[in-house]
Amino acid sequence: SQLAQHFNVDGFATYLAVNNLLVNVDSLADMGNNFYIFYNAETERVDILYWDGNESLGKLGNRSGGQAAQYNLYYESLSAMGSRVRTNILKQRFLANTAFRSLYEEKLRAVYQKAFASGYITERVNAYAAMVGAANVQRNLAAQQAYDQAAQKVLTFIQQRQAYVASSGLLK
């Protein structure tokens, strides 16, 4: 009951939601690594920091397509995807708590609306793909067709993830 006085519970719920929606399994949320916990002297609470998101969007372990896009919203039954799930006691206890689970679901909906439903994530991927693609044409950094295929793979993953979350019942 006093945890929120010492730990940024809202930030932790947001952290879990972002990692889940982006399918960043290389995090505390799944594999149990690539995060920082620090004491914030200004708020006098412990915070969690997002770090090393390069394996997001279903990229880790060569997972791709619909299988990774259907990453469970509650971090359950992930071994079916070939995930090396490590039980994190912090995540496990938070998701088992009714009040926190409700907060987590609220954050899932908010992040989903802001990033996916709004089209923001697709817009950003397209903008970065165009910027890098233009530099690639000038500098011949990679085969343009391979680059375009990789960018399309990310966009396809985003569409699949959005469809999965929309079909999950969470947004009702």
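The values are calculated or read from the model by the stated rules, or taken from the named source; none is laboratory data. Keep in mind the model is a prediction, meaning the values are calculated, not measured. Don't worry about glycine lacking a Cβ; one is built from the backbone with ideal geometry, like all the others, and counts go over all protein chains shown. Quick note on the areas: whole protein, heavy atoms, side chains included, nothing else; ligands and nucleic acids left out. Shrake-Rupley method; radii C 1.70, N 1.55, O 1.52, S 1.80 Å.
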With the first residue restricted to region 31-57 and required to be more than 21 Å from residue 89 (Cα to Cα), and the second required to be modelled with pLDDT of 90 or more and acidic (Asp, Glu), Cβ contacts under 7 Å at 6 or more apart or on different chains are 40/47
Among residues of region 132-160 being β-branched (Val, Ile, Thr) and modelled with pLDDT of 90 or more, the residue surrounded by the most Cβ atoms within 10 Å (Cβ to Cβ) is 158
Scanning region 43-84 for residues that are surrounded by fewer than 18 Cβ atoms within 10 Å (Cβ to Cβ), modelled with pLDDT under 80 and not in a loop (DSSP other than H, G, I, E, B) gives 61, 62, 65, 66, 67, 78, 79, 80
Of the residues in region 4-22, those that are part of a helix (DSSP H, G or I) and among the aliphatic types (A, V, I, L, M) come to 4, 9, 13, 16, 17, 18, 21
Per the list (1) modelled with pLDDT of 90 or more; (2) under 24 Å from residue 110 (Cα atoms); (3) open to solvent by less than 70 Å² (accessible area, probe 1.4 Å), residue check on residue 40 breaks on (2)
In the set 27, 1, the lone residue that is more than 16 Å from residue 107 (Cα to Cα), of a type in the set (Ser, Thr, Tyr), open to solvent by less than 40 Å² (accessible area, probe 1.4 Å) and not in a helix (DSSP H, G or I) is 27
Flagged pairs (Cβ under 8 angstrom, 6 or more apart or on separate chains; first in region 108-129, on the phi < 0 side of the Ramachandran plot and among the polar types (S, T, N, Q); second assigned to a helix (DSSP H, G or I) and open to solvent by less than 20 Å² (accessible area, probe 1.4 Å)) are 122/158
Per the list (1) modelled with pLDDT of 95 or more; (2) surrounded by 12 or more Cβ atoms within 10 Å (Cβ to Cβ); (3) not polar (S, T, N, Q), residue check on residue 123 breaks on (2)
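Name the single residue, out of those in region 4-24 being among the polar types (S, T, N, Q) and over 20 Å from residue 55 (Cα atoms), that is most open to solvent (accessible area, probe 1.4 Å).
Step by step, filter region 4-24, then rank; the result is 5.
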